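Q: One structure follows; several queries about it will come next.
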Amino acid sequence: MKSLLLKPGRERSVLMRHPWVFSGAIAQLQGQPEPGETVAVRAPQGGFLAYAAYSPTSKIAARIWSWDENETIGPEFLHRRLTEAVELRKSIIPAGETNAMRLVHGESDGLPGLVVDRYADALVVQFLSVGVERWRDVLLEQLMELSGVRQIYERSDVDVRVMEGLPAREGSLVGAGSPAPVVIEENGLAFLVDPLRGQKTGFYIDQRRNRQCMGSMSAGRDVLNCFCYTGAFSVYALAGGARSVLSIDSSGEAIAAARENVARNKLDGANVQWMEADVFQALRAFRDEVQEGAVGKRFDLIVLDPPKFAQTAAQAERAARGYKDINLLAFKLLRPGGLLFTFSCSGGISDELFQKIVMGAALDARVDAKIIEHLHQGADHPVALAFPEGAYLKGLVCYVK
Ligand code: SAH
């Protein structure tokens, strides 16, 4: 078998079960592996460490499939890993909580680069590494069999594919007819998800339990939902008895879908307002009103769930300024006793850094705030202990005195 020989000292992270081998760690390539081909990762003296998928164009030159020398990387192995992933969700997500969930979360499910989201009877897959791309037909067939779905869509239209030397791909893979939006159910609420035209794979399923937490604290409050997308937090707030909900997003299409989601759940639309606007500008305008002493818009609960500001750790500084800005403005717009639900889905921003940014924002806004909840991505987005990079979503609920 073709092999990657590591430089002295670079076997450490592999021994600690981290699934990535960076190109800078490789001393020598033995044989000429094709993109995605299985190679043996070897210590400088040649001892076996792991089997991995080779990626010639990426800085992550190999993604580890298995540390077991007796393993054969092939259909039977993939089937076992997929089964484990599906069984895990079955065992931890109570029936009735949702029919939309992440079935496979890449590295943390032992399938580096594979993301599979289930929306009712449809799956949306992302092949984000050459390793899983090489096995795509086998994986698709096994996913059909294991999940019993009728349709599979692909949304491999993301930047990481480029680093892997792969073209963007999206469309319908399996199933008859033209791809159609799907209605999903989450905690008794219904949402329309468009797997092909929506953002990410269509819906932010990673926020499910955080939305539930927010809904449970919404009663009687004037709520501001920033970066509302298709209105999921807005719907939970209304279902939770919010007095009013104002939702902001820069996408008119998302807002149109959000309005429909409110109607779909037969919630009273009388105290619901939508703004197609830039959140930074809208919050500044609200702050100016408050500062001028006019009655001004103030709120009892604000959600900040922005898109990823930092794709990489290198962009963290610019991202940090963005987070600071919106959190500072939000703190200024909260009434005493108000709650801030603030999130970051940037992998490059750690929990600790995020908390510092929010602390700085509270200081500058001159509010006395305390954390009442630490929130993360849902349980269907597990994080392998050896792979902290798998934890990307962090949130804080702050209570303002
Ligand atoms: N909270 C949502 C997901 C938010 S995704 C949910 O639970 O479903 C981020 C959203 O921010 C996207 O809908 C995107 O259109 C919007 N967005 C990005 N930049 C923005 C900006 N500067 N102002 C307003 N909305 C923005």
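Q: What do you get for trypsin sites (Lys or Arg not before Pro) in the stretch 37-87 restricted to DSSP loop and a cutoff of at most 10 other Cβ within 10 Å of the site's Cβ?
A: Lys59
Q: In what order, largest first, do Val290, Val116 sit by accessible area if the probe radius is 1.4 Å?
A: If we order Val290, Val116 from most to least accessible, we get Val290, Val116.
Q: Okay, next question. With springs only between Cα atoms under 10 Å, which of Pro181, Pro35, Pro94 fluctuates most in a Gaussian network model of the chain?
A: Pro94
Q: If the reach is capped at under 14 angstrom between alpha carbons, list the aspartates and glutamates near Lys332, excluding any in the same chain fewer than eight residues apart.
A: Asp288, Glu289, Glu292, Asp300, Asp364, Asp368
Q: Under a point spin-label approximation (7 Å from Cα along Cα-to-Cβ), what is the Glu84-Thr72 distance to one decimal in nm?
A: Those two pseudo-labels are separated by 1.9 nm.
Q: As a quick test, which of the pairs Lys7/Lys200; Lys266/Lys370; Lys90/Lys200; Lys59/Lys200; Lys2/Lys90; Lys297/Lys401 have an alpha carbon distance above 26 angstrom in this structure?
A: Violating the 26 Å Cα-Cα cut-off are Lys7/Lys200; Lys266/Lys370; Lys2/Lys90.
Q: Here's a follow-up. Roughly how many debye, to the nearest 20, is the charge dipole of the stretch 139-204 about its Cα centre, given +1 on each Lys and Arg Cβ, -1 on each Asp and Glu Cβ, and no other charges?
A: For this selection, approximately 120 debye.
Q: Net charge near Ala310, counting Lys/Arg +1 and Asp/Glu -1 over other residues with Cβ under 11 Å of its Cβ?
A: +2
Q: Explain nothing, just the number: dipole magnitude of the chain about its Cα centre with +1 on each Lys and Arg Cβ and -1 on each Asp and Glu Cβ, in debye rounded to the nearest 20.
A: The dipole magnitude comes to about 920 debye.
Q: Next up: Within the stretch 205-298, list the GluC sites (Glu not before Pro) lying in a DSSP loop whose Cβ has at most 10 other Cβ atoms in a 10 Å radius.
A: Passing both the DSSP loop test and the Cβ count: Glu292.
Q: Who wins for biggest fluctuation among Arg221, Arg298, Arg318 in a Gaussian network model of the chain, springs between alpha carbons below 10 Å?
A: Arg318
Q: Separate question: Expressed as a whole percent, how much of the Cα-Cα distance distribution for the stretch 85-237 exceeds 23 Å?
A: Tail of P(r) above 23 Å: 39 percent of Cα pairs.
Q: Further question on the same structure: Using a Gaussian network model of the chain with C-alpha springs under 10 Å, which one of Ser147, Ser234, Ser346 is most mobile by mean-square fluctuation?
A: Ser147
Q: Looking at the stretch 1-57, send over the antiparallel percent of its DSSP beta bridges, to the nearest 5.
A: Here the antiparallel bridges make up roughly 75 percent for the stretch 1-57.
Q: Taking the Cα centre as origin and putting +1 on Lys and Arg beta-carbons and -1 on Asp and Glu beta-carbons, what dipole magnitude results for the stretch 209-324, to the nearest 20 debye?
A: Charge dipole, the stretch 209-324, about its Cα centre: 360 debye, nearest 20.
Q: Of the options Val279, Leu173, Tyr229, report the single residue whose Cα projects farthest towards the positive end of the charge dipole of the chain (beta-carbon charges: Lys, Arg +1; Asp, Glu -1).
A: Positive-most Cα among the choices belongs to Val279.
Q: Continuing with the same structure: Have a look at the DSSP beta bridges in the chain and tell me what percent are antiparallel, nearest 5.
A: About 65 percent, rounded to the nearest 5.
Q: Using only protein heavy atoms and a 1.4 Å probe, report how much of Asp222 is accessible, in Å² to the nearest 10.
A: Probe radius 1.4 Å; accessible area of Asp222 about 20 Å².
The values are calculated or read from the model by the stated rules, or taken from the named source; none is laboratory data. The structure displayed is predicted, hence computed values, not measured ones. All Cβ positions, glycine included, derive from the backbone under ideal geometry; neighbour counts span all protein chains shown. In case anyone asks, the SASA skips ligands and DNA or RNA and just uses the protein heavy atoms, side chains included. Shrake-Rupley method; radii C 1.70, N 1.55, O 1.52, S 1.80 Å.
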